[in-house]
Structures are given as structure tokens and as C-alpha cells.
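Q: This structure is in C-alpha cells; I'll ask about it shortly.
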Amino acid sequence: MSSKWDIGIVLLIYFSCTTVNAATIENSATIKVSGLSAMPTKCITLTQGRQCFATVTLRWQAPVKGNYCIYQVGKNKALDCWYNQQQNTTTFEFESSKTVQYKLVAYDQEQTIAYTHIEVSWVHKASPRKRRWRLF
């Protein structure tokens, strides 16, 4: 049989662990998460291989204030840069026939913070044969 003291000790341990977990959750909610997101994330064209056009907004957030730039992966020219900022947005006209990836870079440290991409898809697959119209 268990005594009242045993039950009391078990309850004391249980509630002390619960309090620690709640404090941990509360502290983790204040940590800033870095990220880069695109809206829309997909661009759909009628036929495979054709250019897709869309107005895209990229939103970013960094853990601390700093100097940041957004680049298209594989290109050296920045789409946009910000100084002494922790979050911001940029809007541009997207035009591509393939999926394009973007990255958020901490300009001072030349360190990539986050990635996102815009996926290009199509409704109809490109036909391997060309149609030739004949009048007669």
C-alpha cells in the first residue's frame, strides 16, 4: 500500500515538471525564427515550356536586425536589399518557364539565411510533333 507521503511526493514531482515545461514553451515563443516565403508559390502556364507570368511577393524575417538581400539562386544581382531591418517584403513581376529558387542572404556575413522557390507547372504537355496546316 502507498502512504499519503508517497502520493504527495509523486504529485509534487509531477507539478514541478509541468511548470518547467510551461516555462520552456513560454521562452521558446519569444525566439524569432528566420524565413523566406513566396506568394503565390506556384505559377501555372497553359503549355509546357511556355513562359509563366505572375506578380510575386517575397516576405522575409530574420532572427536579428541587419543588412539583408534577396537573390535568385544562380544570379549575382540582388532583387532587393534592406539595411538595419529584421523583416520586410518585396514585390516583382515573375517570368519564367522553369521553377526558380530564391535565397535570403545576410549581406555583411555573406551567409544564406533561408530559401524559397516558385514552382512552374503546366496544364498541357508540349507536343513532340508540329501541326502543319494544309489548305488542299
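Each reported figure results from applying straightforward, stated rules to the coordinates on display, with no laboratory input. These numbers come from a predicted model, not from an experiment. Cβ placement follows ideal geometry from the backbone for every residue including glycine, while neighbour counts extend to all protein chains displayed.
Q: Enumerate the pairs (first residue in segment 78-107 and touching a residue at least 40 places away in the same chain (Cβ under 8 Å); second residue anywhere and surrounded by 13 or more Cβ atoms within 10 Å (Cβ to Cβ) and of a type in the set (Lys, Arg)) with beta-carbon separation below 9 Å, excluding pairs fewer than 6 apart on the same chain, so at least 6 apart or on different chains.
A: Between residues of segment 78-107 that are touching a residue at least 40 places away in the same chain (Cβ under 8 Å) and residues that are surrounded by 13 or more Cβ atoms within 10 Å (Cβ to Cβ) and of a type in the set (Lys, Arg), the close pairs are Ser97/Arg50.
Q: On to the next question. I'm trying to understand the selection: among the residues of segment 64-89, which are under 17 Å from Ser34 (Cβ atoms) and among the charged types (D, E, K, R)?
A: Result: Lys65, Asp80.
Q: Also: Evaluate the following for Leu104: is it out of contact with any Lys or Arg (no Cβ under 6 Å at 6 or more places or on another chain), surrounded by 14 or more Cβ atoms within 10 Å (Cβ to Cβ) and aliphatic (A, V, I, L, M)? Don't jump to the end; show me each part of the working.
A: Details: out of contact with any Lys or Arg (no Cβ under 6 Å at 6 or more places or on another chain): yes; surrounded by 14 or more Cβ atoms within 10 Å (Cβ to Cβ): yes; aliphatic (A, V, I, L, M): yes.
Considered against the rule, which asks whether it is out of contact with any Lys or Arg (no Cβ under 6 Å at 6 or more places or on another chain), surrounded by 14 or more Cβ atoms within 10 Å (Cβ to Cβ) and aliphatic (A, V, I, L, M), Leu104 comes out as yes.
Q: Another one. Within segment 43-72, can you find the residues that are under 14 Å from the mean Cα position of the chain (by Cα) and among the hydrophobic types (A, V, I, L, M, F, W, C)?
A: Correct list: Val56, Leu58, Trp60, Ala62, Ile70.
Q: Would you point out the residue of segment 92-129, among those that are among the acidic types (Asp, Glu) and assigned to a loop (DSSP other than H, G, I, E, B), that is nearest to Arg50 (Cα to Cα)?
A: The selected residue is Glu110.
Q: Keeping to segment 38-65, report how many residues are under 14 Å from Phe92 (Cα atoms) and not basic (Lys, Arg).
A: 12
Q: Take the residues of segment 93-136 that are among the acidic types (Asp, Glu) and under 30 Å from Lys65 (Cβ atoms): which is farthest from the chain's Cα centre (by Cα)?
A: Within segment 93-136, the match that is farthest from the chain's Cα centre (by Cα) is Asp108.
Q: Scan (1) free of Cβ contacts under 8 Å to residues at least 60 places away in the same chain; (2) in contact with a Phe, Trp or Tyr (Cβ under 8 Å, 6 or more places away or on another chain) for the single condition Leu46 breaks and write down its number.
A: (1)
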